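The values are calculated or read from the model by the stated rules, or taken from the named source; none is laboratory data. All of these numbers come straight from a predicted model, not from anything done at the bench. So basically every Cβ, Gly included, is an ideal-geometry build from the backbone, and we count neighbours across all protein chains shown. Calculation scope for accessible area: heavy atoms of the full protein, side chains included, ligands and nucleic acids excluded. Shrake-Rupley method; radii C 1.70, N 1.55, O 1.52, S 1.80 Å.
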Amino acid sequence: MSNSEPHTQPRGVASERIPLKARNVAFEWSDTPLHWVPGDPFTTHTINVLHLLLPAGERWFVHVYKQVLPYIRDDRLRQDVIGFMGQEAVHSQAHDAVLPHLREQGLDPTPYTAQVDWLFEKLLGDRTLPPGRARHWWLMERVALIAAIEHYTAFLGNWVLNAEELDRRGADPMMLDLLRWHGAEEVEHRSVAFELFTHVDGGYRRRVRTWATAFSALVFLWQRGARFFMENDPTLVHGKATFRAFHRAGREGVLPSTQAMLRSIPRYLSRAYHPSHEGSTAQAAAYLAASPGANGGR
């Protein structure tokens with residue numbers, strides 16, 4: 001097919017599109033306390049799970065997308081995917097840079113990150129498959145998985161951009177800037193993974209199946225990571241992470257609410273779903289223009 005083949009999308013989505021670029025970011029962690037949400041180790045550590053999951057996960061995104069680039073027949077979508085890959089690579093590096101600071105504070109994440117690395121590099125990695133249908137099937141499964149995961153990264157990005165309760169609680173400004181810079185870029189590129197999946201496959205049964213896998217894995221990994229941090233926090237005697245605590249923190253506005261997360265499910269499973277309806281590009285762009293970390297730490 002011609003490289004000029006149009007990439008179909010819902011009316012009005014084109015006006016939301018802006019060129020994607022990786023930004024040079026700078027964050028400094030020496031003044032960030034162990035409990036960067038003051039007096040709230042549970043919220044701190046639940047959000048800290050991002051630093052454990054994202055480096056390996058976003059390296060995996062980039063690895064998979066390098067393999068799918070030859071299947072893209074639309075020049076504009078190809079440029080979006082390349083921009084997405086650049087942003088995801090920087091996200092991975094920025095969150096990875098937090099881990100030495102956690103070690104200095106007595107929280108060595110290595111036992112957990114080793115399991116996450118195994119998940120993405122082995123379980124979800126390249127398999128020894130002969131060229132042909134099996135190898136193509138596995139590539140399309142992973143493209144669909146990324147689309148499902150990106151639904152939740154956009155959801156979280158939109159949430160953190162509007163999580164004013166964290167400011168009211170006195171959360172560390174550097175950590176908030178990292179989270180909101182990352183969240184703003186997730187909102188900025190929120191349509192890319194789904195449009196790529198639609199372009200190369202788009203099967204509804206595959207979308208539902210991979211959503212169920214992605215959602216289950218995220219819930220499992222997140223609660224496991226929060227428990228790991230709470231149980232290994234050197235300042236806590238009997239640190240515990242529970243769903244009750246998560247639900248309470250969501251009601252208080254320092255974590256996403258359980259109700260909002262549940263409402264996100266039928267949106268993704270709707271046949272009319274498009275990520276452009278999640279969050280605001282204008283809000284994301286405004287934050288990125290003002291973010292100290294996204295502007296060289298100014």
Put Ile265, Ile72 in order of accessible area, largest first, 1.4 Å probe: what do you get? Ile265, Ile72
Please list the equivalent ellipsoid semi-axes of the range 125-193, computed as the square roots of five times the alpha-carbon gyration tensor eigenvalues, in descending order and whole angstrom. 36, 11, 8
Rounded to the nearest 20 debye, what is the charge dipole size of the range 43-162 about its Cα centre when +1 sits on each Lys and Arg Cβ and -1 on each Asp and Glu Cβ? 460 debye
Cα-based Rg (one decimal) and Dmax (whole number) for the chain, in Å? 19.0, 63
Bins of 5 Å, beginning at zero and ending with the bin holding the largest distance: percent of Cα pairs per bin for the range 54-98, please. 5, 24, 28, 20, 13, 7, 3, 1
Semi-axes (Å, rounded, descending) of the ellipsoid equivalent to the range 235-298 per its C-alpha gyration tensor are 28, 25, 9
Mind checking which aspartates and glutamates have their Cα closer than 19 Å to the Cα of Lys122? Skip sequence neighbours fewer than 8 apart in that chain. Glu58, Glu141
Label points 7 Å out from Cα along the Cβ direction at Leu236 and Val62: separation in nm? 3.2 nm
Once you charge only the Cβ atoms, +1 for Lys and Arg and -1 for Asp and Glu, what is the size of the charge dipole of the chain about its Cα centre, to the nearest 20 debye? 1180 debye
Quote the Stokes-Einstein diffusion coefficient, in whole µm² s⁻¹, for the range 157-239, based on the Kirkwood radius over alpha carbon pairs, a temperature of 4 °C and a viscosity of 1.567 mPa s. 82 µm²/s
When the accessible area of the range 112-237 is computed with all protein chains present and a 1.4 Å probe, what percentage of it is carbon and sulfur? 58 percent
R0 = 45 Å: FRET efficiency of Arg169 with His136, Cβ-based, nearest 0.05? 0.40
Taking Rh as the Kirkwood radius computed over alpha-carbon pairs of the range 186-298 and applying Stokes-Einstein at 25 °C with viscosity 0.890 mPa s, one gets a diffusion coefficient in µm² s⁻¹ of 143 µm²/s
Given the C-alpha centroids of the range 32-87 and the range 264-293, what is the distance between them in whole angstrom? 15 Å
How about Lys21: which aspartates and glutamates have a C-alpha closer than 13 Å to its C-alpha, ignoring those fewer than 8 places off in the same chain? Asp80, Glu88, Glu185, Glu186, Glu188
Could you work out how far helix 258-269 tilts from the main Cα principal axis of the chain, as a 0 to 90 degree angle to the nearest 10? 10 degrees
